[in-house]
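For reference, the structure is listed below as structure tokens.
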Amino acid sequence: MTKIVKQKENSTSDRRADAPPLSRPLAVASVPAEGLEIVIRANEPECAALARLNALPGVLWLEAPLRITRIGRDGLKVVGVLRAEVRQTCVVTLEEFDAVIEEPVSVRFAPPKAEEGAAHGRRETLTADDVMGLDDDDGADPLVGGHIDLGALAGEFLTLGLDPHPRKPGARFEEPAPAIPDDNPFAAVLKRGADTDDA
């Protein structure tokens, strides 16, 4: 049976200056063999901080239901989805508009090789679970200090899901007609044609 945990929101008063705007640390040792299900939700100050970090007019809400499972002895896998509603500025009209982001989350964490060796102290015979966890460690994020930050992970996937050139639905770019210099030999003809069209 999967254990469900409600993550406690960090207060803004005890946060370090270099801490991510959204932080929910999780110790690897606290993850049971059957896994955990955790929902990350950003509070109002955290949404404001995420908006500043991503140069957005606003982040209205953010949540990320995540499932955390063990990989081998010391690794973790996090899967789920990041959902958020953000306020963006249209690159065409410069108007602000709201958009919903939905970004799938799938990340593996493994301890660095040196840390892993130091933790075990000596080479041991690997079990089947260990082999499954180590067969593709090159693609895993480093797990340092025995914990991961699920809030920071959600913040990263928010940034990943943002459109770098947001466009308000229905907005169309109309290229202005090129200006005709007065010294152009065809300027008089083109102007006469324009006057005729207006008539």
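The values are calculated or read from the model by the stated rules, or taken from the named source; none is laboratory data. Please read these numbers as outputs of a predicted model, since none were measured by experiment. Reconstructed Cβ throughout: ideal geometry from the backbone, glycine too, with neighbour counts over all protein chains shown. Accessible surface areas use protein heavy atoms only, side chains included; no ligands, DNA or RNA. Shrake-Rupley method; radii C 1.70, N 1.55, O 1.52, S 1.80 Å.
Observations, loosely collected:
- Qualifying residue in region 44-56 (condition: assigned to a strand (DSSP E or B) and either open to solvent by less than 20 Å² (accessible area, probe 1.4 Å) or aliphatic (A, V, I, L, M) (or both)): no
- For region 10-33, the set of residues classified as open to solvent by less than 90 Å² (accessible area, probe 1.4 Å), at pLDDT below 95 and charged (D, E, K, R) consists of 15 only.
- Qualifying residue in region 108-130 (condition: open to solvent by 30 Å² or more (accessible area, probe 1.4 Å), at pLDDT 80 or above, assigned to a strand (DSSP E or B) and touching a helix residue (DSSP H, G or I) at 6+ places or on another chain (Cβ under 6 Å)): no
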